[in-house]
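A.B. asks: I am attaching a structure below and will ask some questions about it afterwards.
The values are calculated or read from the model by the stated rules, or taken from the named source; none is laboratory data. Computed from a predicted model, the values in this text were never measured in an experiment. In this analysis, Cβ positions are derived from the backbone assuming ideal geometry, glycine residues included, and neighbour counts consider all displayed protein chains. The area values use the complete protein model at the heavy-atom level, side chains included, leaving out ligands, DNA and RNA. Shrake-Rupley method; radii C 1.70, N 1.55, O 1.52, S 1.80 Å.
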Amino acid sequence: SQTIHQWPATLVQPVGSPLSLECTVEGTSNPNLYWYRQAAGRGLQLLFYSVGIGQISSEVPQNLSASRPQDRQFILSSKKLLLSDSGFYLCAWGETYNRYYYGYTFGSGTRLTVV
Amino acid sequence: DQQVKQNSPSLSVQEGRISILNCDYTNSMFDYFLWYKKYPAEGPTFLISISSIKDKNEDGRFTVFLNKSAKHLSLHIVPSQPGDSAVYFCAASSYSRRETSGSRLTFGEGTQLTVNP
């Protein structure tokens, strides 16, 4: 069965420090992968998506970046965190069922607090 | 431009009664809709979906209704249980998007449902 792993679960980082969040999936090949952020009291904002190794599309200009070094690995990074980067970060992979999207499977999320 | 809108940030109902969560969309290209449920500090989990060729889909206590002419869908939970208390997200996708641009889902802002015992 397919599973998605995301870590760490919580992170407290000072302003200006670097960031690396990792997401890996198992049981599927060539998945579409996504990074979302949920700020406090807000909806889900798409940050990046990837349709294959080395292929990254950015939805929102910011000081975050994403990389996909392996088929089942998706990494969210920052060189210098801002206070506004605080939020709940979610990794997801998308599965197609017939011509329709069956939907996303989300990771358990990372609560990032920038202090 | 918020293409998927959930205008009610919160909803409170009594246990055993019906919960109705609403969602409106503006993009007429959307043809597949999903509902996700999210508990605090956890990732959202898939609940139920509906394609635009249907106007109703039922799964146990959960039913989703789609009104294409009004660009409106709703999630009905009957009977509501305290364990249903969570944030519910409506999401939408379009066939053309799935074919060309990573098949992204567009999410609403979410509705916090509280079911009181």
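A.B. asks: Against the definition (free of Cβ contacts under 8 Å to residues at least 40 places away in the same chain and aliphatic (A, V, I, L, M)), how does A:ALA9 come out, yes or no?
C.D. replies: Details: free of Cβ contacts under 8 Å to residues at least 40 places away in the same chain: no; aliphatic (A, V, I, L, M): yes.
No, not satisfied.
A.B. asks: Could you list, ordered by first residue, the pairs with Cβ atoms under 7 Å in which the first is in segment A:38-63 and buried (at least 16 other Cβ atoms within 10 Å of the Cβ) and the second is of a type in the set (D, E, K, R) and outside any strand (DSSP E or B), at least 6 apart or interchain?
C.D. replies: What qualifies is A:GLY43/B:GLU109; A:LEU46/A:GLU59; A:LEU46/B:ARG104; A:LEU47/A:GLU59; A:PHE48/A:GLU59; A:TYR49/B:ARG104.
A.B. asks: For segment A:36-82, which positions are of a type in the set (D, E, K, R) and part of a strand (DSSP E or B)? Outline the logic, then answer.
C.D. replies: Taking segment A:36-82 as the starting set, the residues that turn out to be of a type in the set (D, E, K, R) are A:37, A:42, A:59, A:68, A:71-72, A:79-80.
Within segment A:36-82, A:ARG37, A:ARG68 qualify.
A.B. asks: Still on this structure, please answer the following. Within segment A:69-96, take every residue that is aliphatic (A, V, I, L, M) and open to solvent by less than 10 Å² (accessible area, probe 1.4 Å) and give me the one that is nearest to B:SER103 (Cα to Cα).
C.D. replies: At the first step, the residues of segment A:69-96 found to be aliphatic (A, V, I, L, M) are A:75-76, A:81-83, A:90, A:92.
Subsequent filtering for residues that are open to solvent by less than 10 Å² (accessible area, probe 1.4 Å) retains A:76, A:81, A:90, A:92.
Details: A:LEU76: 20, A:LEU81: 29, A:LEU90: 17, A:ALA92: 12 Å.
Checked segment A:69-96; the qualifying residue nearest to B:SER103 (Cα to Cα) is A:ALA92.
A.B. asks: Can you pull out the residues in segment B:95-109 that are crowded, with 20+ Cβ neighbours inside 10 Å and either touching an Asp or Glu at 6+ places or on another chain (Cβ under 6 Å) or at pLDDT 95 or above (or both)?
C.D. replies: Within segment B:95-109, no residue meets the criteria.
A.B. asks: Go through segment B:1-31 and give me each residue that's closer than 28 Å to A:GLY87 by Cα and either hydrophobic (A, V, I, L, M, F, W, C) or in a strand (DSSP E or B) (or both).
C.D. replies: B:VAL4, B:LYS5, B:SER10, B:LEU11, B:SER12, B:LEU21, B:ASN22, B:CYS23, B:ASP24, B:TYR25 - these are the residues of segment B:1-31 that are closer than 28 Å to A:GLY87 by Cα and either hydrophobic (A, V, I, L, M, F, W, C) or in a strand (DSSP E or B) (or both).
A.B. asks: Now, a different point. For segment B:25-81, which residues satisfy the criterion of being open to solvent by 40 Å² or more (accessible area, probe 1.4 Å), within 14 Å of chain A (Cβ to nearest Cβ) and under 13 Å from the mean Cα position of the chain (by Cα)?
C.D. replies: Within segment B:25-81, B:THR45, B:PHE46, B:ASN57 qualify.
A.B. asks: Cβ-Cβ below 6 Å, separation at least six or inter-chain, first residue in segment B:68-88 and closer than 16 Å to B:ILE48 by Cβ, second among the small types (Gly, Ala, Ser): which pairs?
C.D. replies: Going by the 6 Å Cβ cut-off, the qualifying pairs are B:ILE77/B:SER19; B:SER80/B:SER19; B:VAL87/B:GLY110.
A.B. asks: Can you confirm whether segment A:8-23 contains a residue that is touching a helix residue (DSSP H, G or I) at 6+ places or on another chain (Cβ under 9 Å), open to solvent by less than 20 Å² (accessible area, probe 1.4 Å) and not in a loop (DSSP other than H, G, I, E, B)?
C.D. replies: Looking only at segment A:8-23, we keep the residues that are touching a helix residue (DSSP H, G or I) at 6+ places or on another chain (Cβ under 9 Å), and these are A:13, A:15, A:19.
Going one step further and asking which of them are open to solvent by less than 20 Å² (accessible area, probe 1.4 Å), we end up with A:19.
Checking the rest, the ones that are also not in a loop (DSSP other than H, G, I, E, B) come to A:19.
So far as segment A:8-23 goes, yes, one or more of its residues are touching a helix residue (DSSP H, G or I) at 6+ places or on another chain (Cβ under 9 Å), open to solvent by less than 20 Å² (accessible area, probe 1.4 Å) and not in a loop (DSSP other than H, G, I, E, B).
A.B. asks: Which number in (1) within 14 Å of chain B (Cβ to nearest Cβ); (2) under 12 Å from the mean Cα position of the chain (by Cα) marks the one condition that A:GLY94 misses?
C.D. replies: Status for A:GLY94: all satisfied but (2).
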